[in-house]
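K.L.:
Supplied in structure tokens, the structure appears directly below.
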Amino acid sequence: MPVLMVGLRHAFRRLRRAPAFTLGVVVVLALGIGGSASVFSALDQTILRPLPYAEPDRIAMLWEDFSAFGTPKSRVSPATYFDWAERTRAFESLAAMRMAIATVTEPGPPERVLGAAVTANLLPLLGVAPAMGRVLTAEEETPGHHVVILSDRLWRRFGADPGIVGRSIVLSDESFTVIGVMPPAFHFPDARTEFWEPIALAPAQRTARNSHYLHVVGRLRTGSTWTAARDDMTTIARQLAAEHPRTNDRIGITVTPLAEELTADSGRALLLLFGAAGCVLLIGCANVGNLLIAKASARRREIGVRIALGASRGRLVRELLVESLLLASAGGVAGLAVARWGLRALTHFIPPALSTTVALHVDGRAVAFAIVVSAATALVVGLAPATHAVSRSTIDSLRVRIGAGGDRSGVRLRRALVVVEIAVALVLVAAAALLIDTLVQLRRVDPGFRADHVLTAEIDAPLPKYADADRRRQFYQDVVDRVGALAGVDRAGLTSDLPYTTRGNTMSLSIEGRPSAGLSQDALFRLVSTGYLQTMGARLRDGRLLDAGDRAGAMPVAVVNDALARLYWPNESALGHRIDTGTGDGAPLWMTIVGVVDDLKEQGLDYGPRAAVYVPFTQTTIAFFMPSEIAVRTHAAPETMAGALQQAIWSIDPQQPIMQVRTMDDIVDVELGDRQQMLSLLGTFAGVALFLAAVGIYSVLSYLVSERRREIGLRIAIGASAGRVIGEVLWQSAGLAALGVGVGLAGAVISTRWLGALLFHVSPVDPVVLAGVSALVLGIALVASFVPARRASAVDPMTVLRAD
């Protein structure tokens, strides 16, 4: 221990005598260690740790597999769920749930809250108990039981009354008895869920196979495996296809472990960023290694003298490693500060289901990770320079004329490190460039509508208050009229689904005069008001848009998109043909097509066109599906109209909740959010990597120029021009950069394939992108080389020769 303390004091003194060198190394290591620690911390707290349920590795989500129709994960029909629950041998229990919506009007302003209607066994299946009260019972699953379990936040809205269990509260104008309150951290199936009520399926609903709206959760039997579970469910799917060919033909079952279901997208993104942070750390280590090799080379005479006087090489290596350990430790401490800042940028990648339970922070595991990385970094950056410094012979170490007996092995090692830096930097820059190209391609996609100057809000009319169809239609019509009459508003319209807000909500379609094709005859279904398509800037291709004459009692009509018209009437006009999407009670409602619009990118910018039907809400009798969002086109900035929009709606119904007031541009930004955030972080890592690589080239060439001062001075003395000297130094730099680019291109071809689903209409090996990135890296390398080249050309031969 005393020997170690002496070594630490000596190392500290040496570093204190070179403050610029010490600060530079600490900053470089802090960037690499801090970046890695921040991404590790995000991975650890969101992906690596088990979910907050009992034995979460045995819980799965189950979906109907509609891959034959383009959807591998579809919600489940009630009849299919009950068949699964009865027949499965691999799962000890299955639970089902569907989304529920309630309006809370007191105390405080009206608020729409999301909840879940669940089977009684859901909470026991998850292994979570209420903080107060009890769980649901099987008897309460039947219609007529108005009981509810509240989230901690909703409980606090009702005054955080510890005696609330057994009390009645009002949700959507109906009285519910509170039977429990969940712990603060519990939100399932996602962070927005605020209450849980019995699913209460009527007998007719329990046997329905055409309506797919249930989410199904299962707990694996003890001793069973995921392979056995998938085999078991595949067998059940085949049985159901044989028994119910009209509704279950070609329908499989997808079994996904819950952890994978909730965190898959975030996990892939964080793993990519962890790789990028590791690349920055690798480049940082290469840079620091270069600096330490230069520093050790400057001390080679001192080391040679000490070896000649009897100092052991092992002791000298330990001394140099202690210096590296001090630098890496300082870099690790500074890196933790960088990690705290970096975690703020990573909150976007918290899985939605965990957003209320995970608050990213630098915890003990992150500190332990930083310590381990710092120790490993000390070895990586210190061992090679230390062993190199003491491995040369005493005679070589005591040579005075560097030009005559230069440190050739050190030069080769430093050049190799620069090649590594350039190669790794090119891989990161290539990945960032591919994401930039992807965003450019997405921005070029014609969405089929205009997002500018559109304000949106959710105004779902609550049941049972608006259960009466006439009253509901009148409320919606009053909203459209009142909002459309506001100063600064061009027009307003209602829809059941704004673009990008859902990937589904489809209805089976029947074409008059044609036999049904079953599930393959499916289309996006949108209930809209007169003026909605005009508000969104939809382009009319044929016929007309919906107008005021399309009211209750008039001839049922519909507007379809071009994808549907091409699909069913490729060689004729779709106008005048009749289609049916049903009424919700089994009776047909034949609607005449009066217009065709260009395809709206309803599901997302990177989704292909899909058949869609726009039906006037005034002509449908579907009670479970209704308009829930309003779009308002304004003259000025749409966000300035938010207050007027709310007041106009509250003037019709003061208790109407208004949620998610945002512009259509905001919705588009959310659609691009994952890629933009990934680009921002990956671009930051790539920029740092490119900067460090440039610094590496600069430092190596500066060192080489200083090593060759005598040679350069002699050449200038016998007539070599400054331009020729500059050219030779730049040529040497170009050779290193070209070698690094070649290695980097090979690495990019392999690694950029991991970007996978983040790319859109861009190949991971796009030759234009890779060529541009290569040119950029070469250009930066030459720019970084120019200062050492100019310095070489300015060598005074007389000064060099006198010094020699």
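K.L.:
Which listed residue (530, 696, 557) has the Cα farthest towards the positive end of the charge dipole for the chain, taking +1 on Lys and Arg C-beta and -1 on Asp and Glu C-beta about the Cα centre?
P.N.:
Ranked along the dipole, the leading option is 696.
K.L.:
Another question about this same structure. Mind listing the phi-derived Karplus ³J(HN,Hα) values for the stretch 628-634, rounded to whole Hz, using 6.51, -1.76 and 1.60 with θ = phi - 60°, and x for any glycine or proline?
P.N.:
The phi angles translate into 9, 9, 10, 10, 10, 8, 10 Hz.
K.L.:
How high is the relative contact order of the chain, in percent, with contacts defined as C-alpha pairs under 8 Å that are six or more residues apart?
P.N.:
Relative CO of the chain lands at 16 percent.
K.L.:
Please list the non-local residues whose amide H lies under 5 Å from the amide H of residue 663, H modeled 1.01 Å from N, same-chain partners needing a gap of 5 or more.
P.N.:
Counting only residues 5 or more places away or on other chains, the set is 456.
K.L.:
Additional query: Between the stretch 451-487 and the stretch 634-668, how many Å separate their Cα centres?
P.N.:
11
K.L.:
Rounded to the nearest 20 debye, what is the charge dipole size of the chain about its Cα centre when +1 sits on each Lys and Arg Cβ and -1 on each Asp and Glu Cβ?
P.N.:
5220
K.L.:
Positive end of the charge dipole of the chain (Lys, Arg +1 and Asp, Glu -1 on Cβ, about the Cα centre): tell me which of 673, 52, 424 has its Cα farthest that way.
P.N.:
Looking along the dipole axis, the top candidate is 424.
K.L.:
Relative to the Cα centre, what is the charge dipole magnitude of the stretch 140-234, using +1 at the beta carbon of each Lys and Arg, -1 at the beta carbon of each Asp and Glu, and rounding to the nearest 20 debye?
P.N.:
Dipole magnitude for the stretch 140-234 comes out near 220 debye.
K.L.:
Quote to one decimal, in nm, the extra length available between residue 57 and residue 722 on full extension: 0.36 nm per residue of separation minus the C-alpha distance between them.
P.N.:
232.5 nm
K.L.:
About its Cα centre, what dipole magnitude does the stretch 224-280 give when the only charges are +1 on Lys and Arg Cβ and -1 on Asp and Glu Cβ, stated in debye to the nearest 20?
P.N.:
With Lys and Arg at +1 and Asp and Glu at -1, about 140 debye.
K.L.:
How much accessible area per residue does the stretch 592-672 have, in Å², with a 1.4 Å probe?
P.N.:
On a per-residue basis, the stretch 592-672 sits at 35 Å².
K.L.:
For the stretch 13-65 and the stretch 533-547, what is the separation of their C-alpha centers, rounded to whole Å?
P.N.:
If we compute the Cα centre of each part, the gap is 51 Å.
K.L.:
What distance in nm lies between label points placed 7 Å from Cα along the C-beta direction at residue 231 and residue 469?
P.N.:
5.1
K.L.:
Could you work out how far apart the two model spin labels at residue 222 and residue 170 are, taking each label as a point 7 Å from the Cα in the direction of the beta carbon, and quote it in nm?
P.N.:
Placing both labels 7 Å along Cα→Cβ, they lie 4.9 nm apart.
K.L.:
Turning to a different aspect of this structure: Give the accessible surface of the stretch 70-201 per residue, rounded to a whole number of Å², with probe radius 1.4 Å and ligands, DNA and RNA excluded.
P.N.:
With all protein chains present, the stretch 70-201 gives 38 Å² per residue.
K.L.:
Want the number for residue 23 to residue 635: 0.36 nm per residue separation, take away the alpha-carbon distance, what's left?
P.N.:
Here the segment from residue 23 to residue 635 would lengthen by 214.8 nm.
K.L.:
Next question, about the same structure. Which distance in nm do the two modelled labels at residue 73 and residue 787 give, with both placed 7 Å along the Cα-to-Cβ direction?
P.N.:
Label-label distance for residue 73 and residue 787, simple model: 5.1 nm.
K.L.:
Leaving ligands, DNA and RNA out of it, report the carbon-plus-sulfur percent of the accessible area of the chain at a 1.4 Å probe.
P.N.:
Carbon with sulfur: 60 percent of the solvent-accessible area.
K.L.:
So if we plug the beta-carbon distance of residue 771 and residue 146 into 1/(1 + (r/R0)^6) with R0 = 51 Å, what FRET efficiency do we get, rounded to 0.05?
P.N.:
Efficiency for this residue pair is about 0.15.
K.L.:
Amide H neighbours of residue 597 under 5 Å, counting only residues 5+ apart in sequence or on other chains, H built in-plane at 1.01 Å?
P.N.:
Those lying under 5 Å, H to H, from residue 597 are 541, 560, 561, 562.
K.L.:
Still on this structure, please answer the following. Give, in nm to one decimal, the length gained when the segment between residue 502 and residue 548 is fully stretched (0.36 nm per residue of separation minus the Cα-Cα distance).
P.N.:
13.8 nm
K.L.:
Follow-up. Consider the candidate values [x] 95, 83, 60; [y] 107, 59, 55; [z] 86, 60, 51; state which one is Cα extents along the principal axes in Å computed from the structure displayed.
P.N.:
Only one option fits the structure, namely [y].
K.L.:
Let me ask something else about it. Considering the options 33, 511, 135, tell which one lies farthest towards the positive end of the dipole of the chain, charges being +1 on Lys and Arg and -1 on Asp and Glu at the Cβ, about the Cα centre.
P.N.:
Of the listed residues, the answer is 33.
K.L.:
I need the helices of the chain that pass two filters: whole DSSP H segments spanning 15 Å or more by Cα along the axis, and mean Kyte-Doolittle score no lower than -1.0.
P.N.:
Helices meeting the criterion: 2-16, 19-43, 226-243, 258-298, 313-346, 364-391, 408-444, 673-707, 722-751, 767-793.
The values are calculated or read from the model by the stated rules, or taken from the named source; none is laboratory data. Predicted, not measured: the structure shown is a model, and the values here were computed from it. FYI the Cβ positions are ideal-geometry reconstructions off the backbone, even for glycines, and counts take in every protein chain you see. Heavy atoms of the whole protein, side chains included, go into the accessibility calculation; ligands, DNA and RNA do not. Shrake-Rupley method; radii C 1.70, N 1.55, O 1.52, S 1.80 Å.
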